[in-house]
Amino acid sequence: MIVIDEKRIFQEIGEKNPASVSLNGPDGILPQVQETAKNITKKFNIPAYVLADTTWGTCDLNSNGSKVLGAEIQFNIGHTINTETYEKNLILIDAYDDVEFDSVAKKCADMLKGKIISLVTDSQHLHQVDKVEKILTDNGITVKIGKGKGQLNDGQVFGCEFYPATDLKKEVDAYVFLGQSNFHASGIALSTNLPTYVLDPYFNEVREVTDFAQKLKKKATLAIYKAAEAKSFGVIVGLKEGQLSKVFALKIKEELEAEGKEVQLFALTDITNDRLRNLKGIDAFIQVACPRISTDNQFDKPVLSSPQANALLKILRNESIDGYLEIPHWL
Ligand code: SF4
């Protein structure tokens with residue numbers, strides 16, 4: 001069950017006495033965010049708006065929604081990172097999953113006995129890393145935890161940022177991801193090219209995501225080769241506050257034009273196949289917002305992410321694209 005740090009929220013409201021607040025969190029924890037909003041109104045008798053648009057990461061906080069509402073404090077819940085505040089009125093609140101990994105960790109130990117593995121996870125399960133490390137170590141596995149970097153804590157990964165995993169690539173046989181997220185685990189497999197397992201405490205199963213990750217890579221590579229045949233490109237800048245990457249967009253535009261391609265610039269908040277269908281005269285797109293939009297979704301036309309766009313330029317220049325996703329940060 002997801003547990004939100006309501007104590008911290010109540011303390012902040014008690015000290016700052018806001019007229020209204022807003023709350024948001026990833027889709028998976030929205031029911032708990034709703035409960036917390038109700039608890040705030042019950043305790044302080046102030047409006048507590050649940051910002052129910054997506055918030056995929058600290059790159060996508062929707063602070064503008066909070067500003068438009070005039071909420072004096074915005075609580076963004078569930079994106080534990082190694083930095084405290086962004087906007088003045090924005091407070092990042094921890095949420096953790098209290099599910100135990102004991103049983104599934106023992107299963108994992110039986111499967112991977114004698115191996116050297118690295119433990120990785122997302123923010124909701126970071127507090128379990130030490131406990132699982134001990135269970136695995138006691139049962140014959142050598143465990144390494146990669147160092148955090150930037151916003152990442154030790155052992156933590158985002159969907160596009162993998163420093164604690166990639167740093168240990170030469171020292172381990174495999175990665176073990178704590179939680180249920182094939183999304184995060186497949187990113188680790190792609191950025192390291194090593195076997196990666198999900199330790200899922202809810203289904204009490206250890207599943208390998210290496211093949212799934214290879215399928216994502218095949219699809220991503222096919223899109224690059226299709227895009228190489230395109231004459232006209234749309235380069236899309238993402239309008240989410242932490243995904244704005246105009247400099248890279250303009251650089252890609254310039255480099256594609258140098259290769260004889262036509263390029264038009266676009267800007268979008270949500271980059272979906274439906275929105276792109278409205279845009280005419282474009283053979284392929286490059287979006288420089290969230291790389292996982294390209295690797296994890298289906299589009300009618302090629303829609304490349306930043307690392308795919310770099311690979312495309314290499315193809316156009318007859319260079320090798322080997323290992324184009326094997327980098328610690330896809331932006
Ligand atoms: S994968 Fe996308 S949503 Fe997640 S942190 Fe990276 S850019 Fe943000």
Could you tell me which helices of the chain pass both thresholds, a Cα extent of 24 Å or more along their own axis and a mean Kyte-Doolittle hydropathy of at least -1.0, with helices taken as whole DSSP H runs? 210-228
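I'm a student and want to see the number: the projected area of the Cα convex hull of the range 143-259, averaged over all directions, in nm².
Working: hull surface 37.9 nm².
Result: 9.5 nm².
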Given the convex hull of the Cα atoms of the range 102-208, what is a quarter of its surface area in nm²? 5.6
Cα-only radius of gyration and Dmax that characterise the chain, units Å: 21.4, 65
Can you give the alpha-carbon Rg of the range 69-151 over 2.2 N^0.38 Å, where N counts its residues? 1.44
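Taking only C-alpha pairs under 8 Å that are 6+ residues apart, what is the relative contact order of the range 217-316 in percent? Write out the running numbers ahead of the final one.
Working: 164 pairs, mean separation 39.2, N = 100.
With pairs under 8 Å counted, the relative contact order is 39 percent.
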Distance (nanometres) between label positions extended 7 Å along Cα→Cβ at T142 and L244: 4.7
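Of L304, L279, L126, L61, how do they rank once you tally other Cβ atoms within 10 Å and put the fewest first?
Ranking L304, L279, L126, L61 by Cβ neighbours within 10 Å, fewest first, gives L279, L126, L61, L304.
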Which residues in the range 127-141 place their backbone N less than 16 Å from a point set 7 Å from the Cα of K106 along the Cα-to-Cβ direction? 132-141
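Among DSSP beta bridges lying fully in the chain, give the percent that are antiparallel, nearest 5.
On the way: 8 of 45 bridges.
For the chain, the DSSP antiparallel bridge percentage is about 20.
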Contact order relative to length for the range 101-239, counting C-alpha pairs under 8 Å separated by 6 or more residues, stands in percent at 22
Using Cβ contacts closer than 10 Å as the measure, can you line up R207, R292 from fewest to most? R207, R292
Order of Y49, Y175 under a 10 Å beta carbon neighbour criterion, fewest first: Y49, Y175
Show me, bin by bin at 5 Å from 0, the whole-percent P(r) of the range 143-202 based on Cα pairs. 4, 22, 33, 27, 12, 2, 0
Cα Rg, Dmax, the range 2-97, angstrom units: 11.8, 32
Please compute the contact order of the chain in relative form: average sequence separation of alpha-carbon pairs under 8 Å and at least six residues apart, divided by the residue count, as a percent. 13
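Which pairs break 24 Å Cα to Cα here: K170/K314; K43/K240; K149/K169; K147/K251; K115/K170?
On the way: K170/K314 26 Å; K43/K240 33 Å; K149/K169 16 Å; K147/K251 32 Å; K115/K170 13 Å.
Pairs exceeding 24 Å: K170/K314; K43/K240; K147/K251.
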Based on the Cα gyration tensor of the range 217-316, what are the three equivalent ellipsoid semi-axes, each the root of five times an eigenvalue, rounded to whole Å and given largest first? 17, 15, 13
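Only the coordinates and a few stated rules stand behind these numbers; no lab work does. Remember, predicted model here, so these are calculated numbers, not experimental data. Heads up, the Cβs are rebuilt from the backbone with ideal geometry, glycines too, and the neighbour counts pull from every protein chain shown.
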